[in-house]
1. So which of 47, 71 ends up being surrounded by fewer than 16 Cβ atoms within 10 Å (Cβ to Cβ), of a type in the set (Gly, Ala, Ser) and more than 24 Å from the chain's Cα centre (by Cα)?
2. Being open to solvent by 40 Å² or more (accessible area, probe 1.4 Å), among the aliphatic types (A, V, I, L, M) and at pLDDT below 90 is true for just one of 179, 225. Which residue is that?
3. Can you name the number of the only condition in (1) under 30 Å from residue 127 (Cβ atoms); (2) in contact with a Leu (Cβ under 6 Å, 6 or more places away or on another chain) that residue 264 fails?
4. Give the residue, chosen from 201, 231, that is under 18 Å from residue 291 (Cα atoms) and either in contact with a Leu (Cβ under 6 Å, 6 or more places away or on another chain) or not small (Gly, Ala, Ser) (or both).
5. All but one of (1) open to solvent by less than 70 Å² (accessible area, probe 1.4 Å); (2) touching a residue at least 12 places away in the same chain (Cβ under 8 Å) hold for residue 216; state the number of the condition that does not hold.
6. Could you list, in sequence order, the residues of the stretch 182-217 that are at pLDDT below 90 and closer than 18 Å to residue 152 by Cβ?
7. Need pairs with beta-carbon distance below 6 Å; first residue on the phi < 0 side of the Ramachandran plot and within the stretch 131-148, second in a loop (DSSP other than H, G, I, E, B) and open to solvent by less than 30 Å² (accessible area, probe 1.4 Å); sequence gap 6+ or separate chains.
8. In the stretch 244-296, what residues are over 16 Å from residue 214 (Cα atoms), in contact (Cβ under 8 Å) with a residue 40 or more places away in the chain and open to solvent by 60 Å² or more (accessible area, probe 1.4 Å)?
Amino acid sequence: MRKVSSLPLLTAFLLLFMAASVPVPVHNTLQAEQKKIILLNADTIEGGETATGGTPQPFRSVIGNVRFQHGTVTLTCDRATDYEAEKKITLSGNIVITDNEVEVYAENGVYYPDTEQAELTGNVRGRMLDGSLMAKASKAVIEKKNNRLWLYDDAIAWGKNEQLSGDIIMVHVKESGGAKKKQTIDEVQAHRNALLAARDTLSTNPVLYNQMSGAKMVITMNDNAKISGVTVTGQAESLFHLYNEKNEPSGINYSSGKVIRMFFIDGKLDRVKVTENVEGKQYPDSYRGNSKINLRKFVWREREKPF
């Protein structure tokens with residue numbers, strides 16, 4: 001069986017949306033993490049009080065063509081407002097967050113400095129500028145303290161040859177590398193309607209896809225950003241195109257069960273274990289390209305790419 005993609009681009013996926021958690025004060029400059037957050041432009045700066053829960057609360061806003069700079073990250077929006085008493089900063093209108101490698105778009109955002117949590121809502125989408133990865137969801141929540149990113153409501157991400165989707169996607173990172181610390185993804189979860197599909201790069205005609213689906217999918221990764229395991233639970237199914245040592249087609253394997261576990265060595269598939277209510281089929285080569293054998297949840301959604 002040929003290897004399953006290790007989805008290394010998910011690392012970039014997390015860093016892409018983590019950029020959205022940069023705090024946005026309404027001061028001209030603020031020292032933060034040894035870098036200044038600088039207000040480069042705004043048509044209007046205003047302050048005042050707003051009634052929240054019957055009690056007047058002070059606020060400060062920058063409005064119109066708002067642009068902040070924090071290191072290599074630039075944030076633009078129509079309005080940013082600091083509610084100091086509520087310990088939150090709101091962003092609204094045409095939010096764009098960019099750096100040298102990624103860009104993220106949304107309509108609304110809230111940042112909570114005390115908890116270091118950010119929320120983006122309204123047609124949330126992002127991409128790597130080199131075109132290697134893009135994603136979309138209705139809502140993104142970034143938990144900097146917990147090193148977690150959550151994407152909600154029909155979340156989906158596309159790599160060069162991969163597609164991961166689910167009602168909810170969670171990505172967790174950890175620090176590694178000893179003295180030279182770096183952030184790497186150690187776990188990705190897809191909840192409800194989880195589907196992982198990867199284009200079969202050994203077949204160009206017909207175009208084929210290896211597929212896994214289930215109620216929940218957990219993908220673990222090693223320090224080298226290579227996949228170490230996949231566990232699918234709840235109506236777990238898999239469909240893989242098989243090849244011999246000469247990369248010649250040797251059939252298609254379908255498996256289902258309560259739990260499917262895939263084990264990898266150095267990013268390459270080593271073995272598969274299916275447990276409870278196990279069913280399996282081996283299709284001959286004549287079924288290659290036959291859409292009737294695809295998993296029930298499988299849809300290749302390339303036309304929905306936001307860019």
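1. The conditions single out 47.
2. Being open to solvent by 40 Å² or more (accessible area, probe 1.4 Å), among the aliphatic types (A, V, I, L, M) and at pLDDT below 90 holds for just one of 179, 225, which is 179.
3. Evaluating residue 264 over (1) under 30 Å from residue 127 (Cβ atoms); (2) in contact with a Leu (Cβ under 6 Å, 6 or more places away or on another chain) leaves (2) as the failure.
4. The conditions single out 201.
5. (1)
6. Correct list: 187, 188.
7. Pairs that qualify, where the first residue is on the phi < 0 side of the Ramachandran plot and the partner is in a loop (DSSP other than H, G, I, E, B) and open to solvent by less than 30 Å² (accessible area, probe 1.4 Å), are 133/159.
8. 247, 266, 268
The values are calculated or read from the model by the stated rules, or taken from the named source; none is laboratory data. Everything quoted here is computed from the prediction, not taken from an experiment. No Cβ is skipped: glycine too gets one built from the backbone with ideal geometry, and neighbour counts run over all protein chains shown. Note: areas computed on protein heavy atoms with side chains; ligands, DNA, RNA excluded. Shrake-Rupley method; radii C 1.70, N 1.55, O 1.52, S 1.80 Å.
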